[in-house]
Amino acid sequence: MTQQQTVYLNGDYMPLEDAKVSVLDRGFIYGDGVYEVVPVYGGKPFRWAYHLARLTRSLAKVQIANPKTDEQWTALVTDLIARHPWNDQFVYMQVTRGVAKREHLFPKNVTPTVFAMTSEFAPLPAELLSKGIAVVTLPDERWLNCDIKSVSLLGNVLARQAAADASATECLMFRDGLLTEGSSSNIWIVRGGKVFAPKRDRRILEGIRVGLMEELCQASGVELEFRNISRKEVFAAEEILVTSATKEVVPATKLDGEPVGDGKPGEVFKKLHAAYQQAKADARNA
Ligand code: PDD
């Protein structure tokens with residue numbers, strides 16, 4: 001039997017099925033809100049300070065007054081995790097502008113809606129790591145503020161579904177001929193043993209794994225460069241890596257139906273995956 005999920009909504013804890021918001025919530029009507037997904041290892045939120053900083057940034061960028069102090073956010077997440085028995089979890093947190101009569105303009109004197117839930121973080125299927133995933137290329141048709149972790153995810157949802165319809169797990173999106181990111185992940189390519197990733201600007205969400213990968217590359221003696229990456233370079237990659245809170249780091253071994261490199265998870269992936277596992281173990285023991 002699965003453990004009952006207790007969620008947080010606007011100051012109260014309750015069973016998931018009892019958590020309800022108004023149909024006039026701006027999150028429902030306009031997708032007017034932001035969110036975070038935080039992995040938890042050994043009961044501890046991983047890279048929490050970075051997630052909190054990104055949430056603060058996202059709120060500021062969409063001009064929603066941060067409804068909590070950093071200490072209150074930390075207390076909320078700590079409390080939510082403690083209410084569940086799983087060692088490894090991932091916490092989902094969302095803030096919307098609140099409930100108001102439907103009108104595009106920001107409503108005045110509205111209280112943001114705050115929601116948080118947690119789920120068990122089951123180990124990734126071994127096959128994902130031993131065989132890798134298939135990815136397909138797609139045009140990036142999203143808006144131009146992808147650095148905001150907004151709940152307006154229709155572009156991402158359509159891209160993810162298009163990838164699934166093409167029998168792939170994730171997509172690699174391109175804007176003006178340049179690699180941006182996946183539907184819900186950041187993308188890395190390996191050429192000549194060196195890792196390349198798209199520049200961190202508003203065309204992509206700067207994943208919390210981006211900073212982590214920077215540290216892991218450095219610790220593993222792998223060179224890393226952030227710069228524009230063309231379609232041609234992606235197709236010439238020896239390896240392609242995909243990172244996110246929930247996928248951690250996985251190899252993409254098939255691109256538009258063709259093998260990436262020799263079609264097997266590569267050496268750079270293996271190195272960075274081992275370093276990632278070490279970072280998790282360190283966080284558990286901290
Ligand atoms: N998505 N880019 C996009 C568009 C994403 O949605 C995500 C994460 C990432 C990776 O960011 P991070 O390393 O912080 O997880 C990049 C989460 C997991 C989601 O929407 O479920």
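A few remarks follow.
- Scanning the stretch 194-215 for residues that are open to solvent by 40 Å² or more (accessible area, probe 1.4 Å) and not in a helix (DSSP H, G or I) yields LYS194, LYS199, ARG200, ASP201, ARG202, ARG203, GLU206.
- LEU128 being over 27 Å from GLU17 (Cβ atoms), outside any strand (DSSP E or B), open to solvent by less than 80 Å² (accessible area, probe 1.4 Å) and not small (Gly, Ala, Ser): yes
- Subset of the stretch 178-192 that is open to solvent by less than 40 Å² (accessible area, probe 1.4 Å) and not in a strand (DSSP E or B) - its residue that is farthest from the ligand (Cβ to nearest atom): THR180
- Within the stretch 99-109, the only residue that satisfies the criterion of being open to solvent by 40 Å² or more (accessible area, probe 1.4 Å), over 28 Å from the mean Cα position of the chain (by Cα) and hydrophobic (A, V, I, L, M, F, W, C) is LEU105.
- Filter result (in a helix (DSSP H, G or I) and open to solvent by less than 70 Å² (accessible area, probe 1.4 Å)) within the stretch 61-74: TRP73, THR74
- Scan the stretch 216-246 for residues that are within 13 Å of the ligand (Cβ to nearest atom) and either open to solvent by 30 Å² or more (accessible area, probe 1.4 Å) or among the β-branched types (Val, Ile, Thr) (or both) and the total you get is 3.
- Close contacts from the stretch 245-263, counting a first residue that is in a strand (DSSP E or B) and a second that is within 16 Å of the ligand (Cβ to nearest atom) and hydroxyl-bearing (Ser, Thr, Tyr), with Cβ to Cβ under 7 Å and a gap of 6+ residues or different chains, come to GLU248/TYR276; VAL249/THR243; VAL249/TYR276.
- Scanning the stretch 25-47 for residues that are within 12 Å of the ligand (Cβ to nearest atom), open to solvent by less than 30 Å² (accessible area, probe 1.4 Å) and outside any strand (DSSP E or B) yields a single hit, PHE46.
- Neighbours by Cβ (under 7 Å, 6+ apart or cross-chain): first from the stretch 90-101, at pLDDT 95 or above; second of a type in the set (Val, Ile, Thr) and open to solvent by 50 Å² or more (accessible area, probe 1.4 Å): PHE90/THR246; GLY98/THR111
- Only one of the numbered conditions (1) among the aliphatic types (A, V, I, L, M); (2) in a helix (DSSP H, G or I); (3) closer than 24 Å to ALA237 by Cα is violated by VAL135, and that is (2).
- For first residues located in the stretch 105-126 and touching a residue at least 24 places away in the same chain (Cβ under 8 Å), partners that are β-branched (Val, Ile, Thr) and open to solvent by 40 Å² or more (accessible area, probe 1.4 Å) and lie 6+ apart or on another chain with Cβ distances below 6 Å form the pairs THR113/VAL21.
- LEU144 falls short on exactly one of the conditions (1) within 30 Å of GLN277 (Cα to Cα); (2) open to solvent by 40 Å² or more (accessible area, probe 1.4 Å), and that condition is (1).
- Index of the failed condition, ARG175 passing every other in (1) within 16 Å of the chain's Cα centre (by Cα); (2) surrounded by 15 or more Cβ atoms within 10 Å (Cβ to Cβ): (1)
- Among (1) within 12 Å of the ligand (Cβ to nearest atom); (2) surrounded by 22 or more Cβ atoms within 10 Å (Cβ to Cβ), the one test that ALA163 misses: (1)
The values are calculated or read from the model by the stated rules, or taken from the named source; none is laboratory data. Because the structure is predicted, anything quoted here is derived from the model rather than measured. Reconstructed Cβ throughout: ideal geometry from the backbone, glycine too, with neighbour counts over all protein chains shown. Accessible surface areas use protein heavy atoms only, side chains included; no ligands, DNA or RNA. Shrake-Rupley method; radii C 1.70, N 1.55, O 1.52, S 1.80 Å.
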